[in-house]
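K.L.:
First the structure, then my questions, so here it is.
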Amino acid sequence: MRKAVCPGSFDPVTNGHLDIIVRASRLFDEVVVAVLINKNKANVFTVDERIELIREVVRDHPNVVVESSHGLLVDFCRARGIQAIVKGLRAVSDFDYELQMAQMNHSLAGVETLFMSTNPQYAFLSSSLVKEVATYGGDVSGLVPDIVLKQLRERLIR
């Protein structure tokens, strides 16, 4: 079975993330979305909320599963028999950082990293940017799935 992981904080999951996840699901038998736990990061959504939101938006893709992860991603991969990490690249600046990570992951555990170019429609998109725009009342519809938009508005209005 060919397995891949799509890792990230997904706070919140965006249409750009979803595009990479769905495209990866067409290439692999199973795609695990690993919601990374970083206690040093201030998040809008809890890990459990992020997992539930992602599960909802990928429900039509039965070969996609969603789990939380902390620690080294290669340990997560090793424990689940995952052979590849799939990462979306928006720009050359993403590549510089991700290449180092890919080389380290390969060195540590022989896990391959596959880079997918982001759909140009989402090349500017990041969770941080979505949160910032939404915090100031900007319209982020079309940038996140509808259920995420609803939850984001409710969370930021409180």
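The values are calculated or read from the model by the stated rules, or taken from the named source; none is laboratory data. What you see is a predicted model, and the numbers here were worked out from it, not measured in a lab. Virtual Cβ from ideal backbone geometry, glycine too; neighbours counted across all protein chains shown.
K.L.:
Can you go through Leu53, Leu114, Leu125 and tell me which one is in a loop (DSSP other than H, G, I, E, B) and touching a residue at least 60 places away in the same chain (Cβ under 8 Å)?
P.N.:
Testing whether each residue is in a loop (DSSP other than H, G, I, E, B) and touching a residue at least 60 places away in the same chain (Cβ under 8 Å) leaves just Leu125.
K.L.:
In segment 122-138, which residues are farther than 13 Å from Val13 by Cα and either of a type in the set (A, V, I, L, M) or at pLDDT 95 or above (or both)?
P.N.:
Hits for segment 122-138 are Ala123, Val133, Ala134.
K.L.:
While we're here: Go through segment 115-158 and report how many residues are within 20 Å of Glu52 (Cα to Cα) and either acidic (Asp, Glu) or in contact with a Gly (Cβ under 7 Å, 6 or more places away or on another chain) (or both).
P.N.:
Looking only at that region, the number is 2.
K.L.:
Among what's in segment 56-92 and is assigned to a helix (DSSP H, G or I) and among the aliphatic types (A, V, I, L, M), pick the residue that is surrounded by the fewest Cβ atoms within 10 Å (Cβ to Cβ).
P.N.:
Here the residue is Val92.
K.L.:
Here's a follow-up. Among the residues of segment 23-50, which ones are in a helix (DSSP H, G or I), surrounded by fewer than 22 Cβ atoms within 10 Å (Cβ to Cβ) and either in contact (Cβ under 8 Å) with a residue 40 or more places away in the chain or among the aromatic types (Phe, Trp, Tyr) (or both)?
P.N.:
Arg23, Glu49
K.L.:
Same structure, new question: Consider segment 128-140. How many of its residues are in a helix (DSSP H, G or I), exposed (fewer than 15 other Cβ atoms within 10 Å of the Cβ) and either more than 15 Å from the chain's Cα centre (by Cα) or of a type in the set (S, T, N, Q) (or both)?
P.N.:
4
K.L.:
Since Pro145 meets every condition but one in (1) more than 16 Å from Cys6 (Cβ to Cβ); (2) out of contact with any strand residue (DSSP E or B) (no Cβ under 8 Å at 6 or more places or on another chain); (3) in contact (Cβ under 8 Å) with a residue 12 or more places away in the chain, which condition does it not meet?
P.N.:
Of the numbered conditions (1) more than 16 Å from Cys6 (Cβ to Cβ); (2) out of contact with any strand residue (DSSP E or B) (no Cβ under 8 Å at 6 or more places or on another chain); (3) in contact (Cβ under 8 Å) with a residue 12 or more places away in the chain, the odd one out for Pro145 is (1).
K.L.:
Give me the residue from segment 1-22 that is surrounded by fewer than 21 Cβ atoms within 10 Å (Cβ to Cβ) and more than 12 Å from the chain's Cα centre (by Cα) and, out of that set, farthest from Leu89 (Cα to Cα).
P.N.:
Met1
K.L.:
Which pairs do you get when a residue that is at positive phi, found in segment 75-92, comes within reach of a residue that is surrounded by 15 or more Cβ atoms within 10 Å (Cβ to Cβ), reach meaning Cβ atoms under 9 angstrom, with the pair 6+ apart or on two chains?
P.N.:
Short answer, once both residue conditions are applied: Gly81/Lys3.
K.L.:
Could you list, in sequence order, all residues of segment 23-42 that are touching an Asp or Glu at 6+ places or on another chain (Cβ under 9 Å) and β-branched (Val, Ile, Thr)?
P.N.:
Val32, Val33, Val35
K.L.:
Which residues, taken from segment 75-116, are at pLDDT 95 or above and aromatic (Phe, Trp, Tyr)?
P.N.:
Answer for segment 75-116, where residues must be at pLDDT 95 or above and aromatic (Phe, Trp, Tyr): Phe76, Phe115.
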